[in-house]
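Chemist: This structure is in structure tokens; I'll ask about it shortly.
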Amino acid sequence: MNNCIFCKIVKGEIPAIKLYEDDLILAFMDIAPINFGHTLVIPKEHHTSTATIPENVAGRMFRVGARLGVAQKRALEADGYNFHLSDGTVAGQVVMHAHLHIVPRWTDDSFHWNWRQLKYESEEVRNEMAEKIVKAFKLSSEGEEKE
Ligand code: AMP
Ligand code: ZN
């Protein structure tokens, strides 16, 4: 996409500190990290949503992301790492080129995800919702929904 900042990074039109690159994906340092070492993994091809990324590319992103997480632990003595992915503006996506965040975590890093835990009204309500999702999932071709 013409005006996409991450496509520009892929093409070398704007700078980035690259950590890994192959034919399908690119990993680079996030410019405004949650924790120092925060890394992004992107498909080289433009996809606004994760849903259209082909399985081989998505698989590569996940696998390399995990290797980078392990590398953060080794290199930065992190205690763990978070994978994070926002799909859609309402979910917090700001850059509209799908990307996977890998955030190194330390026991004392004082960062807290706002992770709430709701309760279903009843088991029936929960089961009905599950059925609805499964029905919609079957309609999409192998889970790769078009944008
Ligand atoms: P999201 O909110 O999931 O869309 O995250 C976008 C991420 O991209 C943020 O963490 C930004 O700090 C990061 N970001 C934006 N522009 C750049 C850039 N030019 N180089 C590296 N990271 C960037
Ligand atoms: Zn793009």
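The values are calculated or read from the model by the stated rules, or taken from the named source; none is laboratory data. What you see is a predicted model; the values in this text were computed from it and never measured. Quick reminder, even Gly has a Cβ in these numbers, built from the backbone with ideal geometry, and neighbours come from all protein chains shown.
Chemist: If you take the residues of the stretch 1-34 that are among the small types (Gly, Ala, Ser) and away from ligand 2 (no atom under 14 Å from the Cβ), which of them is farthest from residue 63 (Cα to Cα)?
Modeler: If we take residues in the stretch 1-34 being among the small types (Gly, Ala, Ser) and away from ligand 2 (no atom under 14 Å from the Cβ), then 32 is farthest from residue 63 (Cα to Cα).
Chemist: Taking residue 54 and the conditions (1) loosely packed, with under 15 Cβ neighbours inside 10 Å; (2) free of Cβ contacts under 8 Å to residues at least 60 places away in the same chain; (3) not assigned by TED's automatic domain parsing to the domain that holds residue 140, which numbered condition does it fall short on, given that it satisfies the others?
Modeler: (2)
Chemist: Out of 6, 111, 83, 62, I need the residue that is over 16 Å from the mean Cα position of the chain (by Cα) and either in contact (Cβ under 8 Å) with a residue 60 or more places away in the chain or under 29 Å from residue 140 (Cβ atoms) (or both). Which one?
Modeler: 111
Chemist: Determine whether the stretch 31-52 contains at least one residue that is away from ligand 1 (no atom under 16 Å from the Cβ) and within 20 Å of residue 92 (Cα to Cα).
Modeler: yes
Chemist: With the checklist (1) more than 16 Å from the chain's Cα centre (by Cα); (2) within 18 Å of residue 70 (Cβ to Cβ); (3) not hydrophobic (A, V, I, L, M, F, W, C) in hand, flag the one item residue 39 doesn't pass.
Modeler: Exception for residue 39: condition (1).
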